[in-house]
Each structure stands twice: as C-alpha cells, then as structure tokens.
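The values are calculated or read from the model by the stated rules, or taken from the named source; none is laboratory data. This structure is a prediction, so every number in the text was calculated from the model and none was measured. Here the Cβ positions follow ideal geometry from the backbone for every residue, glycine too, while neighbour counts run over all protein chains shown. Heads up: the accessible areas ignore ligands, DNA and RNA and are worked out on the full protein's heavy atoms, side chains in. Shrake-Rupley method; radii C 1.70, N 1.55, O 1.52, S 1.80 Å.
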Amino acid sequence: MKIVDIFAVVNESLFSVQYEGEGIHEFRRLLTLWNDIQYLRSFLKENSKDLETDFWGEISVRQAVLNIRRDASNLERKLIELAKEGLTNKYETLSQMFKPLDDLSTGQGDFENHKSYGISRPSMIRLYATRLDNNRFVISGGAIKLCKGMEREHLQNELRKLQITREFCRENYDLATGYFEIS
C-alpha cells in the first residue's frame, strides 16, 4: 500500500491521504461508504456476530444502518467545523475530536496515531489519523468498529494504513514550516 497524494479537506488543518489504486482520498471514500445503504447492510450482515453482542444490545441491521449514516454526516460536519475554527481559536481544535489511539498516550507528541469516534454514543464508526499539531491531522482511513479490540482483519488493515501514513508524514512533513515537502 502506497500513498500517492495528500488532500486538504480544510486548508492548513485537516488532510486526507489517497492510496495507490484508489480514485479518491480516504475521508471522501469513507463518507461515501458510510452513506451507501447496500454496503452497510452487507458489512453488518458479514459481521453480525459482533453486532449481536451484549454491547450493541438488540439493534437491528436496519437501525445500525440508520445510526451509521446519521453519525457519519454529523462527524463530517463537526470535523470540518472544528478544523476551520481551530485556525483562529486555540481552544476549539481538531484535538477535541481526535484522541490518542493508545489510551495510555498523552497524545501531544509529533506524528502520534489518533482516532476519532462518531458523534453518537456509542458510535460504530472511527476515523484514524496522524497528528501533526493541535489542529492539524492527516486522515489515514477509518472503519466500522463493532468489537472491543482491533483484532478483525479490516481493523488490522487500518492499523497498517495508519503506520504507513505516520511514516510518510515523518519523512515528508516539516514541523518547522508546517508544510509537506513531497518531491
């Protein structure tokens, strides 16, 4: 898996990678998938054992589809709002939405892995990103997460994408200037 480009979702704040073989960047790809009723039904049926746990209760596939679609729309709106607000207000930034992937981390280091949950609680969706600064994140991917850990194959793939993005940022992002220096 190789990153071929980085797109600004919100200039100087929220970025998203595009991988080789993909026609669009990850943020747009995920929001498109999370609004595709057929995709969601298929994914939820394939992962019905995770959906049928005590944690999710007696939620139907239909209700889960509705929840994911609503949550994706609200997450997109809130992230863009915070990304823009964070350009001028140091108290309203993307760091409010993105939390360290490792719960034991402080999340303040350069190029740390982060996750963002959907707005609803509990949320079935996650975005994964590399932190460049308090209000500067690069989205590497995301997933519908129905289980406690990251052991499912699609979640393991998201961890790989996150590591690829982290290394790409380390090699191509200048912390002093705040710009990507891609040759």
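Screening GLU12 on (1) assigned to a helix (DSSP H, G or I); (2) of a type outside the set (Ser, Thr, Tyr); (3) modelled with pLDDT under 95 shows it passes everything except condition (1). When the residues of region 117-128 are filtered to those that are open to solvent by 20 Å² or more (accessible area, probe 1.4 Å) and either assigned to a strand (DSSP E or B) or on the phi > 0 side of the Ramachandran plot (or both), which remaining residue is modelled with the highest pLDDT? It comes out as ARG126. Do you know which residues across region 56-98 are of a type outside the set (A, V, I, L, M) and under 21 Å from TYR173 (Cβ atoms)? Correct list: LYS84, GLY86, LYS90, THR93, SER95, PHE98. Scanning region 129-183 for residues that are open to solvent by 60 Å² or more (accessible area, probe 1.4 Å) and of a type in the set (D, E, K, R) turns up ASP133, LYS148, GLU151, ARG152, GLU153, ARG160, GLU167, ARG170, GLU171, GLU181. Going through region 25-66 one residue at a time, which ones are aromatic (Phe, Trp, Tyr) and surrounded by 14 or more Cβ atoms within 10 Å (Cβ to Cβ)? Once the filter is applied, which keeps residues that are aromatic (Phe, Trp, Tyr) and surrounded by 14 or more Cβ atoms within 10 Å (Cβ to Cβ), region 25-66 yields PHE27, TRP34, TYR39, PHE43, TRP56. Filtered by the rule that a residue be exposed (fewer than 13 other Cβ atoms within 10 Å of the Cβ) and touching a Lys or Arg at 6+ places or on another chain (Cβ under 6 Å), region 6-24 gives a lone residue, GLU20. Selection over region 19-39 of residues that are in contact with a strand residue (DSSP E or B) (Cβ under 8 Å, 6 or more places away or on another chain) and either under 18 Å from ALA83 (Cβ atoms) or in a helix (DSSP H, G or I) (or both) gives a count of 5. Among the residues that make up region 158-176, is at least one of them among the charged types (D, E, K, R), touching a residue at least 40 places away in the same chain (Cβ under 8 Å), in a loop (DSSP other than H, G, I, E, B) and over 18 Å from THR32 (Cβ atoms)? No; the residues of region 158-176 include none that is among the charged types (D, E, K, R), touching a residue at least 40 places away in the same chain (Cβ under 8 Å), in a loop (DSSP other than H, G, I, E, B) and over 18 Å from THR32 (Cβ atoms).
Which members of region 67-96 meet the condition of being over 18 Å from ILE125 (Cβ atoms) and loosely packed, with under 12 Cβ neighbours inside 10 Å? Selection gives THR88, ASN89, LYS90, TYR91.
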